[in-house]
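Comments concern the structure below.
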Amino acid sequence: MDTVIQQTRADMSDAEWQARCDLAALYRVSDMYNWTDTIDTHMTVRIPGEPKCFLINNYGELFHEITASSLVKMDIDGNVYAKDGRFNAAGFTIHSGVYKARPDANCVMHTHTRAGTGVSVLKQGLRPISQDTLAVYDELVYHEYGMPTSVEECEALGVTCQHGNSVVLRNHGLLTVGNSIPAALRRMYMLERACEVEVIARGLDEEPTPIDPDVIRQYGERARQMRAHPDWGLTYWKAALRQIEGKGTDWRQ
């Protein structure tokens, strides 16, 4: 994992540049939602037309500092296509593992939020006690904590993600997978909301009101129908872009 291939803007396809702009925007949106852990955690996008390559943040930059040109291009074998290509080693393990196992995945988000990490340490995890939870419950999976940066963890995470797109990483945090940035973001937003409600509910001196199992089933069926639409999550994505417009430097540079 030490090959560095220098790349300039002129070497990039229009599709890669658009992917860079979109991913940089996703980091800004994540910053707006307070999903940061200083310089840790990471989001990636697969480059259209280059199924082995993805973009990841330049390790050391805060999320609100990330721009299209500062993102690091690398491939699932660990080759880096940037002169100053710094990347989080655990990030490579996580994202390459998912992309290897999921050819349909084009975006992966990983967070260490307080609510998400709080739920990750619970044996029972998320309970179907809120509408927010039902939005992800039918595709929710759990991944046991493994040694970060190891080949074994890379392969194990890939296997887990073959069974669901909303993932609670035990003792660690959250992860979502999408065929697009809007889809991955929408999943993360609802998964994070579900974790926040779960944490609040567990701090109250009263059992939560249960949701009828048949309603849970029906909600899951409707959620799967909505996610099947190729533009699922796009309206929320456009709304988030409007929120970050004009805040600080332009990410499209």
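All of the numbers you see were taken from the coordinates with simple rules; none came from a lab. Here the structure is a predicted model, which is why all the values come from computation and not from measurement. As a convention, Cβ positions derive from the backbone with ideal geometry for all residues, glycine included, and neighbour counts pool all protein chains shown.
What the table below lists for this structure:
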{"read-out": "Residue exposure sequence - Thr41, Thr235, Thr149, Thr176 - by fewest surrounding Cβ within 10 Å", "value": "Thr235, Thr149, Thr41, Thr176"}
{"read-out": "Taking Thr113, Thr38 and counting other C-beta atoms within 10 Å, the order from fewest to most", "value": "Thr38, Thr113"}
{"read-out": "Residue-averaged 222 nm ellipticity for the chain, from DSSP H runs of 4+ at -39500 (n - 2.57), nearest 500", "value": "-13000 deg cm²/dmol"}
{"read-out": "Equivalent ellipsoid dimensions for the chain as semi-axes, Å, which come from the Cα gyration tensor, largest first", "value": "31, 19, 17"}
{"read-out": "In Hz, Karplus ³J(HN,Hα) per residue of segment 16-31 (6.51, -1.76, 1.60; θ = phi - 60°; x = Gly, Pro)", "value": "5, 4, 5, 4, 5, 4, 5, 5, 4, 5, 4, 5, 5, 5, 4, 5"}
{"read-out": "Hz values of 3J(HN,Hα) by residue in segment 47-55 - Karplus curve (6.51, -1.76, 1.60), Gly and Pro given as x", "value": "7, x, x, 10, x, 8, 10, 9, 10"}
{"read-out": "Angle between the chain longest axis and helix 89-101 axis [Cα atoms, degrees, rounded to 10]", "value": "80 degrees"}
{"read-out": "Packing-based exposure ordering (other Cβ within 10 Å, fewest first) of Lys73, Lys238", "value": "Lys238, Lys73"}
{"read-out": "Shape category assigned to segment 127-207 from the gyration tensor of Cα positions, a/c cut at 1.5", "value": "oblate"}
{"read-out": "Pairwise label distance in nanometres, Val215 with Met147, each label 7 Å out on the Cα-Cβ vector", "value": "4.7 nm"}
{"read-out": "Loop sites in segment 87-179: GluC sites (Glu not before Pro), DSSP, at most 14 other Cβ within 10 Å", "value": "Glu144"}
{"read-out": "Sparse-neighbourhood loop sites, GluC sites (Glu not before Pro) in segment 184-216 - DSSP loop, at most 14 other Cβ within 10 angstrom", "value": "Glu206"}
